[in-house]
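Accompanying notes for the structure given below.
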Amino acid sequence: MKLENRCQGVELILADVDGVLTAGQIIFDNQGIETKQFHIRDGLGIRLWQRAGYRFGVITGRSSHVVKVRTAELGIEIVRQTAEDKLPVAQEILAQLNLAPEQACYIGDDLPDVPVIRYVGLGVAVADACAEVRAAAHHVTERNGGMGAVRETIEMVLKAQRRWDDLIQKYTS
């Protein structure tokens with residue numbers, strides 16, 4: 001199936017956090033407080049996706065207060081932390097939203113993401129994902145994780161759905 005066709009029915013984007021929304025580095029300060037760095041354009045991309053009437057969520061194997069803060073800031077309601085086995089979590093989310101796998105996109109970077117990438121209609125690997133993730137994905141981004149790969153994916157899907165131009169009109173008019 002062509003990539004553009006895979007994009008047509010996508011209504012939900014799920015993503016890993018470390019290595020996708022961040023560059024995959026975990027930093028602890030001298031007090032043991034964890035910090036993460038997020039790309040601002042990914043945030044605007046998520047907001048545009050939501051303005052289009054779609055949902056965005058994260059599934060991560062770790063638990064982090066920083067993830068709670070960033071997802072709350074972006075209005076992301078689907079947040080699943082400490083998900084060691086991500087496929088059943090993704091399946092549960094789709095069932096709760098009454099969506100078929102073909103209506104979902106998943107963006108990942110490492111081995112725990114492979115089953116979900118294979119399950120959804122549009123599996124995406126960030127450019128610096130491990131070889132197994134890139135091989136399993138329907139699409140590999142040009143950008144690395146934490147460097148705008150989520151925004152790139154959102155733009156690709158919205159452009160394939162012919163929705164991008166209308167969503168950015170307030171910025172470009």
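The values are calculated or read from the model by the stated rules, or taken from the named source; none is laboratory data. No experiment lies behind these values; they were computed from the predicted model shown. Cβ atoms come from the backbone with ideal geometry, glycine included; neighbour counts cover every protein chain shown.
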Q.
Considering only residues that are surrounded by 15 or more Cβ atoms within 10 Å (Cβ to Cβ) and out of contact with any strand residue (DSSP E or B) (no Cβ under 9 Å at 6 or more places or on another chain), which ones fall in the stretch 153-167?
A. E155, L158, A160, Q161, R163, W164, L167
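Per-residue answers, yes or no, for (1) under 15 Å from H138 (Cα atoms); (2) over 15 Å from the mean Cα position of the chain (by Cα):
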position: A72; (1), (2): no, yes
position: E77; (1), (2): no, no
position: V89; (1), (2): no, no
position: L97; (1), (2): no, yes
position: D109; (1), (2): yes, no
Q. Among the candidates L99, L87, L21, which residue alone is closer than 25 Å to A127 by Cβ, surrounded by 11 or more Cβ atoms within 10 Å (Cβ to Cβ) and touching a strand residue (DSSP E or B) at 6+ places or on another chain (Cβ under 9 Å)?
A. L21
**Q.** Subset of the stretch 1-10 (residues that are surrounded by fewer than 19 Cβ atoms within 10 Å (Cβ to Cβ) and closer than 23 Å to V114 by Cβ)
**A.** M1, K2, L3, N5, G9
Q. Over 25 Å from Y119 (Cβ atoms) and among the charged types (D, E, K, R), is that true of K36?
A. yes
Q: Taking the options V150, V126, V114, name whichever one is in contact with a Ser or Thr (Cβ under 6 Å, 6 or more places away or on another chain), modelled with pLDDT of 95 or more and crowded, with 18+ Cβ neighbours inside 10 Å.
A: V126
Q.
Whether any residue in the stretch 63-71 is surrounded by fewer than 16 Cβ atoms within 10 Å (Cβ to Cβ), over 25 Å from M1 (Cα atoms), modelled with pLDDT of 95 or more and of a type in the set (A, V, I, L, M) is what I want to check.
A. yes
Q. Name the pairs: first residue in the stretch 87-100 and touching a residue at least 60 places away in the same chain (Cβ under 8 Å), second residue of a type in the set (D, E), Cβ to Cβ under 8 Å, at least 6 apart or on different chains?
A. L99/E11
Q.
I'd like the residue in the stretch 1-25 that is under 11 Å from the mean Cα position of the chain (by Cα) and outside any loop (DSSP other than H, G, I, E, B) and, out of all such residues, is nearest to G148 (Cα to Cα).
A. A15
Q: Give just the number: which of (1) among the aliphatic types (A, V, I, L, M); (2) surrounded by fewer than 18 Cβ atoms within 10 Å (Cβ to Cβ); (3) more than 18 Å from R163 (Cβ to Cβ); (4) out of contact with any Lys or Arg (no Cβ under 7 Å at 6 or more places or on another chain) does I78 not satisfy?
A: (4)
Q.
Give me the residue from the stretch 129-147 that is among the aliphatic types (A, V, I, L, M) and under 15 Å from E4 (Cα atoms) and, out of that set, surrounded by the fewest Cβ atoms within 10 Å (Cβ to Cβ).
A. V140
Q: Sort out which residues of the stretch 26-55 are without any contact (Cβ under 8 Å) to a residue 40 or more places away in the chain and in a loop (DSSP other than H, G, I, E, B), and write them in order of number.
A: I26, D29, N30, Q31, G32, I33, K36, G53
Q: Could you grab me the full set of residues in the stretch 37-62 that are crowded, with 20+ Cβ neighbours inside 10 Å and among the β-branched types (V, I, T)?
A: I46, V58, I59, T60
